[in-house]
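Below is one structure, written out as structure tokens, with a few remarks after it.
The values are calculated or read from the model by the stated rules, or taken from the named source; none is laboratory data. Keep in mind the model is a prediction, meaning the values are calculated, not measured. Cβ coordinates were reconstructed from backbone atoms using ideal geometry, including for glycine residues, and neighbour counts include every protein chain displayed.
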Amino acid sequence: MTLGVLAVLGMAFTMFAGFWTDWLWYRSVHYSSVFTTTLSTKIGLFFVFGLLMALAVGFNIWLAHRLRPPLSAMSMEQQSLDRYRMGIAPYKTWLLLAVTSLVGLIAGASASSQWRTWLMWVNGVPFHQKDPQFHLDVSFYAFDLPWYRFLLGFGFATAILCLIAAALTHYLYGGLRVTSPGARATAAATGHLSVLLGIFVALKAVAYWLDRYGLAVKSSDFKATGNWTGLRYVDANAYLPAKTILFCIAVICALLFFATLWRRTWQLPVIGFGLMVLSAILIGGLYPAIVQKFQVQPNEQAKEAPYVQKNLKATREAYGIDDTKVTEYAGKSATADKTKLRDQVDDTASIRILDPNVVSPTFQQLQQIRNYYGFPTNLDVDRYAKDGKDQDTVLGLRELNLDGIPKNNWINDHFRYTHGFGVVAAKGTEADEGHPVFTEKNLPSKGDLGTYEQRIYYGEKTSTYSIVGGPQKEIDYSDDQGEKTTSYTGKSGVNLDNPINRAAYAVAFNEPQILYSGAIGKGSRILYNRTPKERVEAVAPWLTIDGDAYPAVVDGHIQWIVDAYTTTNGYPYASRTTLGDTTADSLNATNNSRTVVAQQNQVNYIRNSVKATVDAYTGEVKLYQWDTKDPVLKTWMKAFPGTVKSRSAISPSLLAHLRYPQDLFKVQRELLTRYHVTDAQTFLSGSEVWQVPDDPTNDSGSAVPPYYLSMKMPDQSAQAFSLTTTFTPNGRDNLSAFMAVDSDPRASDYGKIRVLKLPTSTTVDGPKQVQSQFNSQADIAETISLLSRGHSKVEYGNLLTVPLDGGLLYAEPVYVRGGELKYPLLRKVLVTYEGKTAFEDTLDEALNKVFGVKATTPPDTGTAQPPSSGNPTVKQALEDAQKAFAAGQQALKEGPDWDAYAKAQKDLQDALKRAEDAQSKADETGSTAHRTGNTKKS
């Protein structure tokens with residue numbers, strides 16, 4: 001008995017420890033409302049539906065027992081069950097409670113898992129968009145229909161369990177007979193079971209009615225669209241009327257079952273049920289198959305075109321690609337002046353030769369400083385202002401690496417080595433004899449980023465807990481004077497002063513030393529859930545998190561910036577995609593630490609609706625509303641009020657480091673391989689299907705990742721921080737299109753997708769073909785062979801594509817990891833343009849060789865500079881530009897007011913364009929006059 005009591009107490013405290021530590025953690029990050037709302041919703045659903053199920057089953061067992069026939073009326077078959085009845089008689093109350101409790105617990109547990117469905121239903125806001133078939137708001141399919149389906153499923157489960165329980169009780173007490181001659185059921189049993197069957201069939205009628213609406217979000221494989229969602233011709237003309245007819249038949253059949261209360265015979269209900277089953281086979285199965293075979297297949301394109309057009313429209317809206325600008329692009333330059341082309345390169349793009357996916361070992365070797373620090377396998381690309389201009393920067397944090405500490409033990413792992421230290425950053429467009437040009441380096445880090453809190457307690461590599469702030473000092477960093485120590489002064493984590501807290505964490509982390517260790521004392525705090533992704537997922541479990549959090553120095557703090565998405569799979573007519581498959585690329589394949597989004601999460605609507613930050617020192621999590629129109633986010637903000645800050649709360653310094661998220665871009669580019677066309681006939685023909693090419697720089701066989709770089713598309717007047725990718729025709733390697741999205745949220749065109757579509761009549765080399773040409777040219781192959789001598793290894797960096805004057809410029813850095821050096825250094829740069837290839841030591845040398853001339857103008861790093869002129873038109877334009885700039889700064893200070901800021905930015909661009917055009921015209925006039933004067937003089 002003592003052991004049993006102790007076991008029960010141990011289990012109870014283990015459950016309490018899990019609950020208590022969760023509550024303490026949510027309270028420590030100031031998101032306790034998320035914990036209480038989620039918990040109360042789960043508990044409410046558990047008790048409501050568990051109680052409903054228990055009452056329904058218990059009532060039917062009680063009713064069947066009450067309707068039992070008198071003992072004298074029982075047959076010999078039933079009398080043989082007397083010993084069972086006598087055996088359970090003393091315990092029948094307890095048995096009833098046990099059965100009802102068991103089914104109630106199961107039903108309650110199942111219902112509690114539907115907390116998201118309930119919250120979305122009860123808090124749902126309208127989309128203000130209607131589906132084209134039933135003309136219902138999209139919110140009905142996204143928020144209402146899933147809840148109705150759950151209720152229907154619960155109703156079916158309840159009816160079936162009640163039917164089974166009632167039938168067994170009737171059989172046990174003589175209401176039903178199996179082998180005895182005469183009537184098989186008493187009148188009471190017949191009436192009781194018929195009502196339950198009638199309820200089941202009535203629920204089936206409701207299911208048929210809901211199935212009509214379910215056709216708008218039904219998935220089916222369709223060769224032209226992949227995972228099709230929505231009605232096709234056979235659905236609208238066969239399944240939809242069939243469901244309506246079956247609904248009517250099911251209602252009649254249910255009424256026949258209810259009528260047995262008076263008729264006391266099962267003849268009509270059985271006939272009705274048989275008719276319903278036969279109708280389901282003929283009307284619901286055979287008839288649609290005939291329509292598909294003899295009406296659709298002989299003329300599929302004509303029949304399906306109207307429905308495909310609906311799918312095109314809905315899919316483009318659901319994935320935010322409906323405003324994609326597709327422009328025809330020649331694929332070949334028409335400019336003969338090579339000097340002009342060479343100068344245009346620097347004006348068009350700041351070509352990044354430092355590949356963040358290659359140079360992490362270089363950062364590690366040159367800036368690790370101590371073995372217990374480490375950098376992520378893939379560094380990040382951001383932009384930082386230098387001399388008033390943004391420059392693309394590759395950076396990484398010097399995070400804690402427990403595998404590198406001198407001796408692993410509990411004290412070292414959790415008390416002394418607790419944090420990383422400092423940012424290391426380098427220019428993305430420059431190299432110094434193969435080495436990165438660091439703009440922030442050393443320990444403590446110094447450079448262009450100024451003064452900031454350099455200690456990193458929260459990061460992508462901090463996957464274990466630390467106990468800080470107590471009597472045990474922490475290793476801060478080491479320099480020439482020796483080892484420095486520190487003690488955490490932040491308010492993050494959970495206080496361990498309370499012995500109950502210590503006991504709870506000792507149980508939760510399965511670490512008894514937490515309970516009695518002398519290293520824990522007054523002021524000790526435990527830090528856990530320390531990766532940015534974990535923290536944002538915990539405080540916002542209704543969000544889907546981007547696979548790549550990135551750091552930025554903002555207002556004296558290192559902030560992890562995390563992009564988060566709201567999704568649904570209930571957008572009518574929009575095709576579905578699996579996020580895990582769509583967001584996978586060669587970086588995921590070659591780097592196990594780089595995550596992908598929600599591996600098996602199928603969606604057909606996605607928005608980057610939230611920007612989140614996690615402070616690397618304090619662990620503070622902030623959620624900002626980014627998409628102010630997203631109804632899914634508005635629904636969750638109603639469910640969890642106060643958890644998401646308004647967009648106006650984003651500071652200008654943080655705004656400067658936000659960017660367009662990679663995973664959303666990868667989802668959109670995958671959809672645009674088919675949905676870049678807007679005509680149903682072209683879509684059905686499949687002649688315009690593209691594909692994302694495989695990464696030619698490695699052997700992973702996975703898709704090429706998108707690349708960040710500052711560049712300008714043909715319709716832009718200045719460089720913009722962009723995210724880019726390429727497309728090839730389906731099954732071929734030549735280039736079919738180039739895609740870029742403006743990624744700087746300070747610009748009015750943020751999020752605008754531009755696609756340059758190449759003509760199908762000409763062939764332009766794609767990434768794989770360009771890489772093959774690099775490797776096959778004799779002089780390049782010989783040089784690569786020389787670089788690979790001994791123990792050296794050649795590594796290819798990102799193959800960047802830049803549209804240039806109608807053609808496509810490719811640039812790729814080539815690294816060598818060789819000899820005693822265990823890290824890659826930039827040794828060569830490959831450049832190709834319209835069939836001409838160069839393989840030189842620097843980017844400038846390679847560009848000069850490709851174009852045959854040197855640049856005559858200094859590179860433009862992306863910030864448009866106003867021209868200097870006495871021209872009155874130019875002066876007026878510059879004055880307008882100055883006013884627009886001032887208006888933009890004022891809009892940032894007031895609120896910020898993003899609409900006013902966007903308008904000011906557009907006015908600024910327009911003014912600068914007018915100034916540039918006026919100056920160019922003046923220059924041309926002056927040049928013409930000069931040539932005329934020279935001619936007269938000659």
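Kindly evaluate G428 against the criterion of being buried (at least 17 other Cβ atoms within 10 Å of the Cβ) and within 15 Å of E460 (Cα to Cα). Reasoning before the result, please.
Values: buried (at least 17 other Cβ atoms within 10 Å of the Cβ): yes; within 15 Å of E460 (Cα to Cα): no.
Criteria not met by G428.
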Residue satisfying all of: in region 260-301; touching a residue at least 60 places away in the same chain (Cβ under 8 Å) and among the aliphatic types (A, V, I, L, M); nearest to F200 (Cα to Cα) among these: M276
Selected residue (criterion: modelled with the lowest pLDDT) from residues of region 416-472 that are among the β-branched types (V, I, T) and farther than 17 Å from G396 by Cβ: T429
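Does at least one position in region 171-180 carry a residue that is part of a loop (DSSP other than H, G, I, E, B), under 30 Å from L95 (Cα atoms) and of a type in the set (F, W, Y)?
Just the residues of region 171-180 that are part of a loop (DSSP other than H, G, I, E, B), to begin with: 173-175, 177-180.
Next, only the ones that are under 30 Å from L95 (Cα atoms) stay: 173-175, 177-180.
Still in the list and also of a type in the set (F, W, Y): 173.
Yes, region 171-180 contains a residue that is part of a loop (DSSP other than H, G, I, E, B), under 30 Å from L95 (Cα atoms) and of a type in the set (F, W, Y).
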Matching residues, region 314-361, being assigned to a loop (DSSP other than H, G, I, E, B), among the hydrophobic types (A, V, I, L, M, F, W, C) and either closer than 30 Å to L395 by Cβ or free of Cβ contacts under 8 Å to residues at least 24 places away in the same chain (or both): A336, I351, I353, L354, V358, V359
When residues of region 98-125 are limited to those that are surrounded by fewer than 18 Cβ atoms within 10 Å (Cβ to Cβ) and more than 23 Å from the chain's Cα centre (by Cα), the one nearest to T244 (Cα to Cα): V122
Residue in region 164-194 that is modelled with the lowest pLDDT, counting only those that are under 22 Å from L51 (Cα atoms) and surrounded by fewer than 19 Cβ atoms within 10 Å (Cβ to Cβ): L168
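Among the residues of region 466-482, count how many are closer than 13 Å to L496 by Cα, touching a helix residue (DSSP H, G or I) at 6+ places or on another chain (Cβ under 9 Å) and either acidic (D, E) or in a loop (DSSP other than H, G, I, E, B) (or both). Outline the logic, then answer.
Applying the first criterion (closer than 13 Å to L496 by Cα) to region 466-482 yields 466-471.
Keeping just the survivors that are touching a helix residue (DSSP H, G or I) at 6+ places or on another chain (Cβ under 9 Å) gives 466-468, 470.
Next, from what is left, pick out any that are either acidic (D, E) or in a loop (DSSP other than H, G, I, E, B) (or both): 470.
Residues in region 466-482 being closer than 13 Å to L496 by Cα, touching a helix residue (DSSP H, G or I) at 6+ places or on another chain (Cβ under 9 Å) and either acidic (D, E) or in a loop (DSSP other than H, G, I, E, B) (or both): 1 in total.
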Options E430, E460, E440; residue that is within 34 Å of the chain's Cα centre (by Cα), assigned to a loop (DSSP other than H, G, I, E, B) and acidic (D, E): E460
Region 565-590, subset farther than 23 Å from P126 by Cβ and among the β-branched types (V, I, T), residue modelled with the highest pLDDT: T577
Yes/no for T36 being more than 27 Å from M120 (Cα to Cα) and of a type in the set (V, I, T): no
Scan of region 806-826 for residues that are at pLDDT 90 or above and of a type in the set (D, E, K, R), ordered by number: E812
Residue among T324, T335, T339, T362 that is at pLDDT 90 or above and more than 23 Å from M739 (Cβ to Cβ): T362
N227 part of a helix (DSSP H, G or I), in contact (Cβ under 8 Å) with a residue 40 or more places away in the chain and farther than 28 Å from V57 by Cβ: no
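Can you confirm whether D382 is outside any loop (DSSP other than H, G, I, E, B) and either out of contact with any Lys or Arg (no Cβ under 9 Å at 6 or more places or on another chain) or under 23 Å from P705 (Cα atoms) (or both)? Spell out how you get there, then give the answer.
Values: outside any loop (DSSP other than H, G, I, E, B): yes; either out of contact with any Lys or Arg (no Cβ under 9 Å at 6 or more places or on another chain) or under 23 Å from P705 (Cα atoms) (or both): yes.
Judged against the criteria, D382 is a match.
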Residues being in a helix (DSSP H, G or I) and loosely packed, with under 14 Cβ neighbours inside 10 Å - total across region 253-284: 8
Top-ranked residue of region 236-271 - restricted to ones that are among the polar types (S, T, N, Q) and closer than 15 Å to H192 by Cβ, ranked as modelled with the lowest pLDDT: T265
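Among the residues of region 607-627, count how many are in a loop (DSSP other than H, G, I, E, B) and more than 18 Å from the chain's Cα centre (by Cα). Spell out how you get there, then give the answer.
Restricting attention to region 607-627, the residues satisfying the condition of being in a loop (DSSP other than H, G, I, E, B) are 616-620, 626-627.
Imposing the further condition that a residue be more than 18 Å from the chain's Cα centre (by Cα) reduces the set to 616-620.
The qualifying residues number 5.
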Matching residues in region 75-129 - criterion: being modelled with pLDDT of 90 or more and not in a helix (DSSP H, G or I): S113, Q114, G124, V125, P126, F127, H128, Q129
Residue ID - nearest to L366 (Cα to Cα), chosen from residues in region 432-476 that are surrounded by fewer than 18 Cβ atoms within 10 Å (Cβ to Cβ) and of a type in the set (V, I, T): V437
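Those residues that are among the hydroxyl-bearing types (S, T, Y) and either in contact with a strand residue (DSSP E or B) (Cβ under 6 Å, 6 or more places away or on another chain) or more than 22 Å from T186 (Cβ to Cβ) (or both), I need them from region 139-169; list them, please.
Passing the criteria: S139, Y141, Y148, T158.
Quick grid of which residues meet (1) among the polar types (S, T, N, Q); (2) more than 25 Å from Y465 (Cβ to Cβ); (3) surrounded by fewer than 17 Cβ atoms within 10 Å (Cβ to Cβ):
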residue	(1), (2), (3)
S524	yes, no, no
K533	no, no, no
P551	no, no, no
D563	no, yes, no
R576	no, yes, no
Cross-chain or 6+ apart pairs with Cβ under 8 Å, region 781-796 first and farther than 15 Å from P813 by Cβ, then surrounded by fewer than 16 Cβ atoms within 10 Å (Cβ to Cβ) and small (G, A, S): G790/G819; H791/G819; S792/G819
Which listed residue, of P631, P641, is touching a Phe, Trp or Tyr at 6+ places or on another chain (Cβ under 6 Å) and not assigned by TED's automatic domain parsing to the domain that holds T801: P631
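Within region 694-709, is even one residue farther than 17 Å from V536 by Cβ, in a helix (DSSP H, G or I) and of a type in the set (V, I, T)? If you could, list the steps in order and put the result at the bottom.
First, pick out the residues of region 694-709 that are farther than 17 Å from V536 by Cβ: 694-709.
Cutting the leftovers down to in a helix (DSSP H, G or I) gives us none.
No, that holds for no residue.
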